[in-house]
Amino acid sequence: MRALQRRLSNAFVAIQARYGRSARAHNMHARGPAHAFAGQLHQQVRAPSADLARSFRYFADQSLVGVYMLRSDGAVLHANDKMANMLGYDRAADVIGLHIASLTAPEDLALLEENLQARLSGAEEHVRYTHRILSRDGTRRWVEVHGSVCQYDGGTALVEMALDVNQKVQSEWQSRLADRVFESTSEGILITDAEFRILAVNPAFTRITGYHPEEAMDKRSRMMTGPGAQAEINRGMLQRLASDGHWQGEMKDRRKDGSWYPAWLSISAIRDNQGGITNYVGVFTDNTIRKEAENKLAFLADHDSLTGLLNRSSLMRIFAQQIEAAQTAGETLVLFFIDLDRFKTVNDTLGHHAGDQLLVAAAERLREQLRPDDVLARFGGDEFVVILGGSPPQEMISAIAQRLINSILRPFVINGHEMFISASIGSAAYPEHGEDAIAILKNADIAMYHAKERGKNAFQLFSKEMSNHALEQMLLENSLRHAIERKEFELYYQPQFSALDGAICGAEALIRWRHPTRGLVAPGMFITLAEQTGLIVPLGAWVLREACRQGKAWLDRGYQFGRIAVNLSPRQFSSDDLLSTIDNALGQSGLPSAMLELEITEGAIMQNPQEAVVLLKRMRQLGVTISVDDFGTGYSSLASLKQYPLDTLKIDRSFVKGIPADADDVAITEAIIAVAHKLHLQVVAEGVESQEQHDFLRAAGCDIVQGYLHSKPLSAGDIEARWYLGGAQAEI
Ligand SMILES: Nc1nc2c(ncn2[C@@H]2O[C@@H]3COP(=O)(O)O[C@H]4[C@@H](O)[C@H](n5cnc6c(=O)[nH]c(N)nc65)O[C@@H]4COP(=O)(O)O[C@H]3[C@H]2O)c(=O)[nH]1
């Protein structure tokens with residue numbers, strides 16, 4: 001070590017001798033090792049002294065800072081191993097010859113250039129700047145560079161010493177960032193000591209609580225320790241902070257103006273080296289707006305947006321709960337089903353806006369007549385439901401109903417027009433008239449219908465004699481009319497499979513009615529009624545539109561499902577606008593026409609065979625395929641089939657049912673398949689329920705099978721889950 005010191009001091013002497021006592025040499029000397037190293041290199045070139053060069057290389061190599069020398073064009077002439085390591089290289093030799101720009105982060109190149117130029121132009125002799133070097137693997141490190149200029153090998157060179165300040169810069173940066181966050185975040189922050197005495201607060205704290213830092217300082221935090229927090233503390237907040245170092249929850253906090261607000265608070269404990277808690281950091285938000293929004297959302301989900309009354313789904317929930325409670329307590333419940341008479345006329349003549357205003361006003365009048373513990377809901381359209389609270393005595397029930405009727409009888413003034421309407425009310429009671437919410441609602445509805453039959457503006461209690469079939473049909477017709485506008489219909493889909501390999505090759509759309517009081521109603525209950533009343537035409541148009549929309553959605557998702565089959569009823573088949581309805585459904589949805597199959601019953605074709613030929617041809621021109629449903633039931637001869645433009649025959653379920661045991665059914669089925677194939681028609685067997693039926697049909701050459709054996713009709717979502725996510729093959 002002593003020898004090294006001697007050698008270094010010799011080197012300094014040698015440099016001083018060379019540069020004399022010039023200010024520059026003095027500065028270099030005075031400024032430390034980089035400058036001395038520069039002198040050494042200079043010396044090495046001008047008067048090579050092996051001893052001196054070795055000493056300085058030793059000196060540079062021992063240095064804990066990076067040292068390097070650049071030619072005036074920026075190429076690295078010399079560097080020590082430390083510098084090479086900082087740049088991600090093993091040895092100094094690896095960086096010699098590289099350009100300093102390639103070792104500098106691109107974003108700092110301008111700074112580098114400025115500092116090189118300052119020295120090369122003579123404007124500065126020494127520079128000091130901080131920038132990011134770019135190491136071999138692309139990572140950046142902050143270095144503080146002390147640079148000077150010297151003469152080397154007959155030209156100007158730059159000597160630089162780089163100190164690794166990466167950690168320092170990053171922690172400064174992080175602390176600046178933390179300061180920024182502390183100052184600018186919208187969350188209130190407070191830092192306390194271990195006794196929750198406030199040491200610092202941020203501007204958001206002041207914004208939320210109204211307290212300025214000087215008012216809060218040194219006070220115990222009320223949010224963390226006050227009465228609002230007491231319950232939480234009892235519930236183990238301190239324990240959680242001690243065990244997990246963190247706790248969060250809602251606190252009630254009081255602003256400076258005395259008002260309370262809900263604060264969502266998150267506290268973290270800070271520990272010293274011994275593990276003891278020294279501080280707490282609390283971050284909180286004012287939860288008022290979120291709470292309000294949550295309450296509003298909850299209200300909207302449960303209430304009718306027009307009248308603000310409970311909606312149908314919350315009524316059903318509340319009623320079910322009340323029934324349960326009444327059952328336990330052995331009490332009775334009374335429900336009114338209220339329908340406004342002549343409301344439709346107002347709506348049709350004065351418009352929806354006036355109709356809405358009338359509904360709001362009527363709801364208000366009903367509300368005024370009831371007690372706070374009575375439940376009032378808008379059931380839909382112009383229908384309201386009341387559940388009377390507190391088991392009212394029999395004589396009270398009609399008095400309340402009459403009060404409600406009278407309140408509606410008073411004229412309403414809407415947009416300057418005086419309007420007169422009335423109300424019909426039906427009533428049913430639990431447990432006398434039904435055991436569940438649906439049964440009681442249905443019976444109150446029946447009673448209400450009787451009140452209307454009696455000339456409206458009346459009240460009727462339900463009695464068991466009222467529920468006969470004819471009335472049910474009337475009720476059904478009534479609600480069927482409303483059902484389309486209330487969007488109560490859904491389509492289910494029954495997949496069809498290739499009899500040969502089990503691949504899915506189609507899906508028949510089958511309508512379902514999600515009735516408000518009866519649940520999911522199958523088409524057998526209402527299609528005939530819809531057909532008789534003509535409602536089948538708008539209903540059928542909706543089915544077409546919806547099936548095409550769903551088909552296109554599946555197509556867009558890349559599902560391979562073959563064709564979508566839609567049933568056309570006889571009345572639809574004979575309606576004038578059938579072709580335009582089909583065309584519109586295809587056009588609006590974008591479903592390719594070849595993917596739509598229309599099922600027409602044999603009976604519908606046979607009603608008017610000549611016209612059917614013309615119509616079927618025109619349907620075919622739209623590009624859709626045509627299938628004859630329930631084939632075999634319409635007594636048409638197989639031979640007559642050839643005159644119709646058809647694609648598919650569906651063997652009726654009644655024949656499939658008898659195979660393979662019933663010889664007649666077997667013969668008919670085989671004949672249908674044989675003739676259909678002769679006429680180049682595909683054959684679908686519907687109602688396949690057993691493996692024997694399937695095996696027989698397959699052996700007989702039937703092309704497609706459809707039935708409970710393979711799948712029941714499913715909702716669109718279930719179809720996707722079952723047949724597309726889990727595979728589209730039938731297990732045959
Ligand atoms: N027993 C048994 N039945 C099976 C089996 N596989 C399927 N089915 C049922 O058979 C019926 C097949 O439809 P469909 O003959 O066109 O008979 C349909 C059709 O005529 C009519 N329909 C359904 N949806 C519509 C529609 O959107 N428009 C029109 N106009 N009629 C429809 O209502 C009828 C009944 O429909 P759904 O009740 O859905 O009854 C469906 C289906 O659920 C099985 O293996 N065994």
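The values are calculated or read from the model by the stated rules, or taken from the named source; none is laboratory data. Here the structure is a predicted model, which means the values were calculated and not measured. Cβ sites come from the backbone with ideal geometry, for glycine too, and all protein chains shown count toward neighbours.
Just one of the numbered conditions (1) at pLDDT 95 or above; (2) not assigned by TED's automatic domain parsing to the domain that holds Y58 is not true of D179: (1). The residue pairs whose first member lies in the stretch 206-232 and is under 13 Å from M251 (Cα atoms), whose second member is small (G, A, S) and in a helix (DSSP H, G or I), and whose beta carbons are closer than 7 Å, counting only pairs six or more residues apart or on different chains, are M223/A229.
Just give me the residues in the stretch 516-532 being of a type in the set (S, T, Y) and surrounded by fewer than 16 Cβ atoms within 10 Å (Cβ to Cβ), in sequence order.
First pass over the stretch 516-532, keeping only residues of a type in the set (S, T, Y): 517, 528.
Scanning the stretch 516-532 gives a single hit, T528.
Among the residues making up the stretch 526-542, those that are within 10 Å of the ligand (Cβ to nearest atom) and over 37 Å from the mean Cα position of the chain (by Cα) are T528, A530, E531. With respect to R512, determine if the residue is surrounded by fewer than 21 Cβ atoms within 10 Å (Cβ to Cβ), under 28 Å from the mean Cα position of the chain (by Cα), within 10 Å of the ligand (Cβ to nearest atom) and under 15 Å from I719 (Cβ atoms). It is true that R512 is surrounded by fewer than 21 Cβ atoms within 10 Å (Cβ to Cβ), under 28 Å from the mean Cα position of the chain (by Cα), within 10 Å of the ligand (Cβ to nearest atom) and under 15 Å from I719 (Cβ atoms).
Listed by position, the strands (runs of 3 or more DSSP E) enclosed by the stretch 398-514 that each have at least 3 residues that are touching a residue at least 12 places away in the same chain (Cβ under 8 Å) are 422-430, 459-461, 489-498.
Farther than 14 Å from G66 by Cα and surrounded by 12 or more Cβ atoms within 10 Å (Cβ to Cβ): is that true of G188 in this structure? Steps first, please.
Values: farther than 14 Å from G66 by Cα: yes; surrounded by 12 or more Cβ atoms within 10 Å (Cβ to Cβ): yes.
It is true that G188 is farther than 14 Å from G66 by Cα and surrounded by 12 or more Cβ atoms within 10 Å (Cβ to Cβ).
Return yes when R545 is assigned by TED's automatic domain parsing to the domain that holds I704, within 13 Å of the ligand (Cβ to nearest atom) and either basic (K, R) or surrounded by 17 or more Cβ atoms within 10 Å (Cβ to Cβ) (or both) and no when it is not. The answer is yes for R545. So A429 passes all but one of these: (1) within 15 Å of the ligand (Cβ to nearest atom); (2) buried (at least 19 other Cβ atoms within 10 Å of the Cβ); (3) among the small types (G, A, S). Which condition number does it fail? So A429 meets the others, but not (1). So is L586 touching a residue at least 40 places away in the same chain (Cβ under 8 Å) and touching a Leu at 6+ places or on another chain (Cβ under 8 Å) or not? Taking the combined requirement at face value, the residue does not satisfy it. Specify the residue that is nearest to the chain's Cα centre (by Cα); the eligible residues are those in the stretch 554-567 that are among the aliphatic types (A, V, I, L, M) and at pLDDT 95 or above. Top of the filtered list is I564. The residue of the stretch 101-155 that is surrounded by the fewest Cβ atoms within 10 Å (Cβ to Cβ), among those that are under 22 Å from K82 (Cα atoms) and among the basic types (K, R), is R128.
Considered as a group, the residues in the stretch 691-716 that are within 9 Å of the ligand (Cβ to nearest atom) and without any contact (Cβ under 8 Å) to a residue 24 or more places away in the chain include one that is surrounded by the most Cβ atoms within 10 Å (Cβ to Cβ), and that residue is L709.
If you filter the stretch 294-340 down to residues that are of a type in the set (K, R) and in the same structural domain as M396 (by TED's automatic domain parsing), you find that the one that is surrounded by the most Cβ atoms within 10 Å (Cβ to Cβ) is R312. Across the stretch 475-509, the qualifying residues are those that are outside the structural domain of L709 (by TED's automatic domain parsing) and either within 16 Å of L441 (Cα to Cα) or among the polar types (S, T, N, Q) (or both), and the one among them that is nearest to the ligand (Cβ to nearest atom) is L476. Close contacts from the stretch 559-572, counting a first residue that is at positive phi and a second that is among the acidic types (D, E) and within 16 Å of the ligand (Cβ to nearest atom), with Cβ to Cβ under 6 Å and a gap of 6+ residues or different chains, come to none at all.
Just to be sure before I move on: is I438 away from the ligand (no atom under 15 Å from the Cβ), in the same structural domain as H352 (by TED's automatic domain parsing) and over 38 Å from the mean Cα position of the chain (by Cα) in the structure I sent? Even if it seems obvious, please write down each step before you answer.
Numbers: away from the ligand (no atom under 15 Å from the Cβ): yes; in the same structural domain as H352 (by TED's automatic domain parsing): yes; over 38 Å from the mean Cα position of the chain (by Cα): no.
So I438 fails the test.
Among the criteria (1) within 29 Å of Q230 (Cα to Cα); (2) assigned by TED's automatic domain parsing to the domain that holds D382, the one D253 does not fulfil is (2).
A Cβ distance below 7 Å, combined with a sequence gap of six or more or placement on separate chains, defines the contacts here; from the stretch 640-661, residues that are assigned by TED's automatic domain parsing to the domain that holds L596 reach residues that are in a loop (DSSP other than H, G, I, E, B) and more than 16 Å from the ligand (Cβ to nearest atom) in the pairs L641/L679; K642/L679; L646/L681; D647/L681; T648/L681; L649/L681. F343 passes every criterion in (1) modelled with pLDDT of 95 or more; (2) within 16 Å of N457 (Cβ to Cβ) apart from (1). Filtering the stretch 555-571 to residues that are assigned to a loop (DSSP other than H, G, I, E, B) and within 15 Å of the ligand (Cβ to nearest atom) leaves only S569.
Listed by position, the helices (runs of 4 or more DSSP H) inside the stretch 591-682 whose residues that are away from the ligand (no atom under 16 Å from the Cβ) and modelled with pLDDT of 90 or more number at least 2 are 609-621, 663-678.
As a summary of the residue check, E472 satisfies the conditions (1) closer than 18 Å to R571 by Cα; (2) more than 14 Å from the ligand (Cβ to nearest atom); (3) of a type in the set (D, E) except for the one numbered (1). Here is a check on your reading of the model: is P645 more than 15 Å from V684 (Cβ to Cβ) and within 49 Å of the chain's Cα centre (by Cα)? Against the criterion (more than 15 Å from V684 (Cβ to Cβ) and within 49 Å of the chain's Cα centre (by Cα)), P645 qualifies.
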